[in-house]
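Inspection log for the structure reproduced underneath, given as structure tokens.
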Amino acid sequence: MLRFALVTVFLLLPVAGTWALNLFEQGQGYFVSVGNEDALPDSVISDVIQDQQGFIWVATPTGLFRYDGYEFKRYAKASDGTPIRVIRSLWAGIDGRVWAGSRNDGLFVYDPNTLKIEHYTKATPGKSGLGDNYVRTITGDKHGRIWFGTANGVSFYNPQTQDIKQLDIRTQISGKIIQALLYDESGFLWVGSRKQGLNRLNLQNMQWQRVVYRFDTQDPASIIDVRSLYQTADKRVWLGTANYGVGVLTANGASQQALQWLQLTQLDSPQPFIHNWVSDFTQPDSQRLWLSTTTGGIFEIDLTSLQTNRQFQHDPSINTSLNANNIDTLYRDRQGLIWIGTWGSGLNLYNPINLTIRGIKPSVFKPNFLHYANIGSVTQLSSGEIWVGTRGHGVTRYAQQSGRIQLASGKLHKAHVMSMVQTDKHQVWLATIHQGLLQLDPYTLQETWFTEAHGLVDHHVRVLLAGVDQGLWIGTYAGLSKRLADGRFQQFYYAEQANLTFDKTINALAQTFDGTLWLGTFDGLFYVLPNDNKVYRLHAQQIIKGHLSSSTIGGLTVDRQGKLWIATSQGLDRLLSFEQQQAELQSVNRLVGIHEQSLGANMLLDKQNRIWTEEYVIDPRVWQARHLTRADGIDIGNKWWGAHSKLSDGTLVYGGSKGLLLIDPDNIGLQTLQPTLSFSRFQLSGQPISVSQHISQQLPLELPADNKSMTATFAAFDYSAPSQLQYRYRLLGFEQNWQTVNIYNRQLSYTNLPPGQYQLQIQSTDRDGHWLESGLSLSIKQVPKWHESRVLQVMAVLLVLLVLYLWYLNRLRHFRRVRRRLDRLVALKTAELETISIIGRELNQTLDVEAISNGLYNNMRQLMDCHAFAIGIVQADTQQIYMAFAIEDGQRLSPFYESMHDASRPAAHCVVSRQPLVVDHYHSLLEAVPGQVQPKVGHSMESIIYIPLLDAGNLPIAVLTVQSPRKQAYNEEQVNMCKLLASYTAIALKNALQKQELSAALAEIQEISVHDQLTGTYNRRFVSQHLPTELANLAKAQSHHASLGILLIDIDHFKQINDSYGHEAGDKVLIALSQLLKSHCQAEDWVIRWGGEEFLIISRGKSRSQLLQFASELRHKISEMTVDIACPAHSVTASFGVVAYPFLAKHPNALNWQQTLNLADIALYKAKHSGRNVCYYLQAVDEQPFEHIYEYIRHDLSACLDKKLVRFECA
């Protein structure tokens, strides 16, 4: 029924001719969410503005925020202490000041030259001011006047008198509640109000003029509620209302055209947009106008036709859509980026400059032609239809006339479609994983499937290519096939190994002009010559110039000059020539200056001969590469190899795990912006100052004589990609080299600068990593302190020289007297230090804790009284001290523990305080450590030293104690020697303990890596690590009886268990079976979880004749096992495939291990298709070597059984 329905639908489509589908226009807007609830607490954005320096200012109910691309700075109070809250409107003055109008508290003005915020309020008797403390809208004129729309008419700021005045409310026809202001270049101030419509004021003669009052002149109740005003570049004035939508009129001096009201169109609905509240406007370019609404998101209007081009709305299933449909403000900054303030959902940023890249993601709320996100392939048919193959949900056809239609046949419905090729009008070929190759008629939807049974080398098909000879090249996970014109499948073999089928996984195919087919694999580059069935490897010795950047090849393409481009995991290469099987390669990475880095694999060529991938665009004409990032709208998740296509209109399409990426190379809009730099903060001795005038007017900044430090934070204003920038700075006169910092360390700091002249220079990169010569430059002069003046310095130097000379004469005689004594003392100390240094080197020559402790004890007892000696290791995790080495009266004590929380223990006291404890008699110890109990080491000691051994981070790792029964046994020099030796010991112990920890961790990791995490059995990694050794030992045995048993076990009906009882029940079955297998296998047997519900037992202690009996016993034990997953408990059975390795005992090299394992899989297949719960043992009947016996068994098992080359035993 479904097939009939689909066919019926497609029969309605035109089948003759072709038609164009502009898929690029279906692309969705890429909106970036800026900030979060911590940065902008209540997420209500009332207005956005950019000041003269480049900072973005954001108005919220919480207050006023400034953004530099990295962090939001909140301005909470004005200079008079008034809290700044509920900001509704913003304006950036031409003098650099930022004006902020609030809901209840009047006006706040930030001055970047003083860093102060002035506060203006409602006028009072005898004092000028605002008409009301509610300032809803602000604008400015070319004379520097600032105009304010308040809840009580219009007010303005006069820069000459520097005060705020209110227009005479009696002369205003605009009403009291002003909600929108607009100044045009012809000298008019447009005023929109809640109850008096739209009016304008001639600023030359201060005369008012009514523009529009009612929507319907015949309806007294249809007064328009104006909420926003905007003038486009073509001088038309746009007004947004709260009750009648949007209107447009032409304003030119005193004349005006009739007002035209527009009907907004919802592109995803046949109904007109009836929610008419238009909150703001902005103009992305000369051809388009954006307007925001309070319920419908953003509408894009074509300024020529005045029709709706696009509508942007919030989609909860797409994280790059608008944050919300309730939009309060739109603002286009000087870079051309558009800021969108929502009512309750934060701040969005959109880059309208990017006309090149768009994306399409599936939506569960507003369905588009994508029904599934994970895209594996894309192609366009000759009819113009676009087919999108998914990784798990079949294919979607998209026709411009009928929209989306999903191909939903039984096998195709959940297919992983990796490649699609149309070879003629009625043949589309689809490559699928698991199901094989599909031939599909796009008109009748007739399906023909091909697998190994039809001659295909493998049913896991990865890539397709239509050959120049009308054949179809088929790359699979296990080799290459070609469908010939007569319908047969041609197989291909290794050129170096005759009759051995080529079995590499093929990632990419391309055919050069000479007919040579090139194959990209995980194991290098291969090729097939015309009219040949052999596959040749391109060996390194064949490359006479250059080399492949990597053997992992993900993409191939041929440019218009016939050159083969090779995309690898480490770069991009070009095949310049290939003659007589000798190749010349060229590194594209080296030409574009990007070394040892992938440039993408999915290569497509545009009209300008540029190569586009999912990561870069490369221009061979100038050898430049530009990285494509999220800032450009690249957001489709994992970009799959092979998921790419070029449409007939030139659009480049790429598939990923999140949807489609669309590129219009003919409308390239990937301009690299050159951001301007500014200081976000500048401080002297911790106090913020303003340097904006010093920079703008190139004035030197004088640092006061008492200044101790200069710190600054800086930012470059590329708001589209701030995370891709880098920074560097230097202070000429202090240093010559640049200090390079990343975005997280955009800060410089200099302390105690010597007096002099300096030049502070700061530079940033653009988003592509190119350093920009234009940057910040600030002249700095450090004023000298009074004692640093030149005259005073000279006089001080002369005085010091005189004093020094007199002192020299006096001390010379003294030095001669003590010289001899010092020489003797130095010699003695040198000997002691050399001894300590030798001891330290000896301690650090071993990584054994016992050897370190013993070496230290033997050396120290030669230097001082060590009647009692101990070293305790700090165990921070258990909060204990492990006294691993303790000696008293020459006798070694057993190790013991002391708690670090026991304050009565000197060792714990020393570790916790991280300070040495030195006493010369026992009573002093009692005073230092109250509550002393019977010591565990050092009984009846008087002189006691405890020293903590600290690591580089000042954390205790051990404690050392030396004790003597004599009072005052240790002098100061011996104590210092102990401390010095303790430092050496701490380093040695730290290294030893780290070695212990590393050895333990490596052992644990090794153990985990070779075990299955669910069942605890061995895994494939264990086999790959240990089997080669086992096979080598087996080969050395040189006995026909030496063998390994291979038992491949598969749980019967395991999928039914998962489907009926859930995967948790399936896990219980796997665990129970693994425990049974391990309990009934011998210690030398290996039990391995081979994958899914398959287990592998490698028996190392049984003869060939015992294997079937062993397997039968295991099968019987399994059938008796029950698992508590249902009521009653569920029984489990399993099927066995058994072989012995080597398969031919007298000819052990006839089959390798993998081939033998494949025979076990054949035996298991036999068991599965013989009723399950049975063991099949596959053996060779004749031990005489038979050439190609493995291929014979695999391809014609029945013939091998009939000829008695092999036999099955069943149990």
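Taking GLU596 as the residue in question, decide whether it is in contact (Cβ under 8 Å) with a residue 40 or more places away in the chain, on the phi > 0 side of the Ramachandran plot and among the acidic types (Asp, Glu).
When the stated conditions are applied, GLU596 passes them.
Looking at ARG1115, ARG1100, ARG1104, which one is under 30 Å from ALA1145 (Cβ atoms) and at pLDDT 90 or above?
None of the other options fit; the residue is ARG1115.
Okay, residues lined up against (1) among the small types (Gly, Ala, Ser); (2) part of a strand (DSSP E or B); (3) over 20 Å from ARG334 (Cβ atoms):
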site: GLU37; (1), (2), (3): no, no, yes
site: VAL58; (1), (2), (3): no, yes, no
site: LEU64; (1), (2), (3): no, yes, yes
site: ASP80; (1), (2), (3): no, no, yes
site: TRP91; (1), (2), (3): no, yes, no
site: ALA100; (1), (2), (3): yes, yes, no
site: ASN104; (1), (2), (3): no, no, yes
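Hey, can you tell me all the residues within the stretch 106-143 that are more than 29 Å from GLN687 (Cα to Cα), in contact (Cβ under 8 Å) with a residue 40 or more places away in the chain and not in a loop (DSSP other than H, G, I, E, B)?
VAL135, ARG136, THR137, ILE138, THR139, GLY140
Sort out for me the helices (runs of 4 or more DSSP H) sitting completely within the stretch 1126-1211 that have 2 or more residues that are in contact with a helix residue (DSSP H, G or I) (Cβ under 9 Å, 6 or more places away or on another chain) and modelled with pLDDT under 90.
Where helices (runs of 4 or more DSSP H) fall fully within the stretch 1126-1211 and carry at least 2 residues being in contact with a helix residue (DSSP H, G or I) (Cβ under 9 Å, 6 or more places away or on another chain) and modelled with pLDDT under 90, they are 1189-1195, 1197-1202.
Can you tell me which residue among ASP649, ASP666, ASP635 is on the phi < 0 side of the Ramachandran plot and part of a helix (DSSP H, G or I)?
ASP666
Could you please find all residues in the stretch 536-546 being assigned to a loop (DSSP other than H, G, I, E, B) and either closer than 19 Å to GLY642 by Cβ or touching a residue at least 40 places away in the same chain (Cβ under 8 Å) (or both)?
LEU538, GLY546 - these are the residues of the stretch 536-546 that are assigned to a loop (DSSP other than H, G, I, E, B) and either closer than 19 Å to GLY642 by Cβ or touching a residue at least 40 places away in the same chain (Cβ under 8 Å) (or both).
One residue is enough: does the stretch 495-509 have a residue meeting the conditions of a type in the set (Asp, Glu), at pLDDT below 95, within 36 Å of the chain's Cα centre (by Cα) and closer than 17 Å to TYR527 by Cα?
Yes, the stretch 495-509 contains at least one residue that is of a type in the set (Asp, Glu), at pLDDT below 95, within 36 Å of the chain's Cα centre (by Cα) and closer than 17 Å to TYR527 by Cα.
Here's a check for you: in the stretch 118-138, which residue that is surrounded by 21 or more Cβ atoms within 10 Å (Cβ to Cβ) and of a type outside the set (Lys, Arg) is farthest from LYS176 (Cα to Cα)?
TYR120
Among the residues of the stretch 924-933, are any polar (S, T, N, Q), surrounded by 14 or more Cβ atoms within 10 Å (Cβ to Cβ) and closer than 23 Å to ASN858 by Cα?
Checked the stretch 924-933: no residue is polar (S, T, N, Q), surrounded by 14 or more Cβ atoms within 10 Å (Cβ to Cβ) and closer than 23 Å to ASN858 by Cα.
Residues of the stretch 510-542 being touching a Ser or Thr at 6+ places or on another chain (Cβ under 9 Å) and under 16 Å from PHE492 (Cα atoms), which ones?
Within the stretch 510-542, TRP518, GLY520, THR521, LEU525, TYR527, VAL528, LEU529, PRO530 qualify.
Do any strands (runs of 3 or more DSSP E) entirely within the stretch 734-815 hold 3 or more residues that are β-branched (Val, Ile, Thr), and if so, which?
Where strands (runs of 3 or more DSSP E) fall fully within the stretch 734-815, none carries at least 3 residues being β-branched (Val, Ile, Thr).
Picking from THR676, THR629, which residue would you name as being of a type in the set (S, T, N, Q), modelled with pLDDT under 95 and over 30 Å from GLY756 (Cα atoms)?
THR629
Yes or no, residue by residue, for (1) of a type in the set (D, E, K, R); (2) surrounded by fewer than 15 Cβ atoms within 10 Å (Cβ to Cβ):
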| position | (1), (2) |
| --- | --- |
| ARG170 | yes, yes |
| GLY175 | no, no |
| LEU189 | no, no |
| ARG194 | yes, no |
| MET206 | no, yes |
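Taking the stretch 547-591, which residues are among the aliphatic types (A, V, I, L, M) and either assigned to a strand (DSSP E or B) or in contact with a Lys or Arg (Cβ under 7 Å, 6 or more places away or on another chain) (or both)?
Residues satisfying the conditions are ILE553, LEU556, VAL558, LEU564, ILE566, ALA567, LEU572, LEU575, LEU576, ALA583, LEU585, VAL588.
When VAL783 is evaluated against the numbered criteria (1) hydrophobic (A, V, I, L, M, F, W, C); (2) touching a strand residue (DSSP E or B) at 6+ places or on another chain (Cβ under 8 Å); (3) surrounded by 14 or more Cβ atoms within 10 Å (Cβ to Cβ), which criterion, by number, is the only one it fails?
Result: VAL783 fails condition (3) only.
Looking at LYS482, LYS504, which one is of a type in the set (Lys, Arg), more than 18 Å from ALA567 (Cβ to Cβ) and crowded, with 20+ Cβ neighbours inside 10 Å?
The conditions single out LYS482.
Across the stretch 73-91, what is the number of residues that are surrounded by fewer than 20 Cβ atoms within 10 Å (Cβ to Cβ) and either closer than 19 Å to ILE138 by Cα or not acidic (Asp, Glu) (or both)?
Summing the residues that are surrounded by fewer than 20 Cβ atoms within 10 Å (Cβ to Cβ) and either closer than 19 Å to ILE138 by Cα or not acidic (Asp, Glu) (or both) in the stretch 73-91 gives 11.
With of a type in the set (Gly, Ala, Ser) and on the phi < 0 side of the Ramachandran plot as the only criterion, which of GLY554, GLY546 stands out?
After applying the criteria, what remains is GLY554.
Out of the residues in the stretch 568-582 that are touching a helix residue (DSSP H, G or I) at 6+ places or on another chain (Cβ under 9 Å) and closer than 20 Å to PHE522 by Cβ, state the one that is surrounded by the fewest Cβ atoms within 10 Å (Cβ to Cβ).
If we take residues in the stretch 568-582 being touching a helix residue (DSSP H, G or I) at 6+ places or on another chain (Cβ under 9 Å) and closer than 20 Å to PHE522 by Cβ, then GLN570 is surrounded by the fewest Cβ atoms within 10 Å (Cβ to Cβ).
All but one of (1) in contact (Cβ under 8 Å) with a residue 24 or more places away in the chain; (2) in a loop (DSSP other than H, G, I, E, B); (3) charged (D, E, K, R) hold for ARG621; state the number of the condition that does not hold.
The one condition ARG621 does not meet is (1).
Being crowded, with 17+ Cβ neighbours inside 10 Å, on the phi > 0 side of the Ramachandran plot and not polar (S, T, N, Q) is the requirement here; does GLY455 meet it?
Criteria not met by GLY455.
Do any strands (runs of 3 or more DSSP E) entirely within the stretch 857-925 hold 2 or more residues that are within 14 Å of LEU955 (Cα to Cα), and if so, which?
In the stretch 857-925, 868-875 are the strands (runs of 3 or more DSSP E) which contain 2 or more residues that are within 14 Å of LEU955 (Cα to Cα).
Of all residues in the stretch 54-72, which are buried (at least 21 other Cβ atoms within 10 Å of the Cβ) and farther than 23 Å from THR137 by Cβ?
Result: ASP68, GLY69.
Give me the residue from the stretch 389-426 that is within 17 Å of ASP441 (Cα to Cα), surrounded by fewer than 17 Cβ atoms within 10 Å (Cβ to Cβ) and in contact with a Ser or Thr (Cβ under 9 Å, 6 or more places away or on another chain) and, out of that set, modelled with the lowest pLDDT.
LYS411
State all residues of the stretch 485-496 that are surrounded by 15 or more Cβ atoms within 10 Å (Cβ to Cβ) and small (Gly, Ala, Ser); if no residue qualifies, say none.
ALA495
For the stretch 1042-1052, state whether one or more residues are loosely packed, with under 11 Cβ neighbours inside 10 Å and either free of Cβ contacts under 8 Å to residues at least 40 places away in the same chain or part of a loop (DSSP other than H, G, I, E, B) (or both).
no
Could you identify the single residue in THR124, THR82, THR60 that is modelled with pLDDT under 95 and hydroxyl-bearing (Ser, Thr, Tyr)?
Matching residue, one of THR124, THR82, THR60: THR124.
If HIS1116 meets every condition in (1) touching a residue at least 40 places away in the same chain (Cβ under 8 Å); (2) farther than 13 Å from THR1017 by Cβ apart from one, which number is that one?
(1)
The values are calculated or read from the model by the stated rules, or taken from the named source; none is laboratory data. All of these numbers come straight from a predicted model, not from anything done at the bench. As a convention, Cβ positions derive from the backbone with ideal geometry for all residues, glycine included, and neighbour counts pool all protein chains shown.
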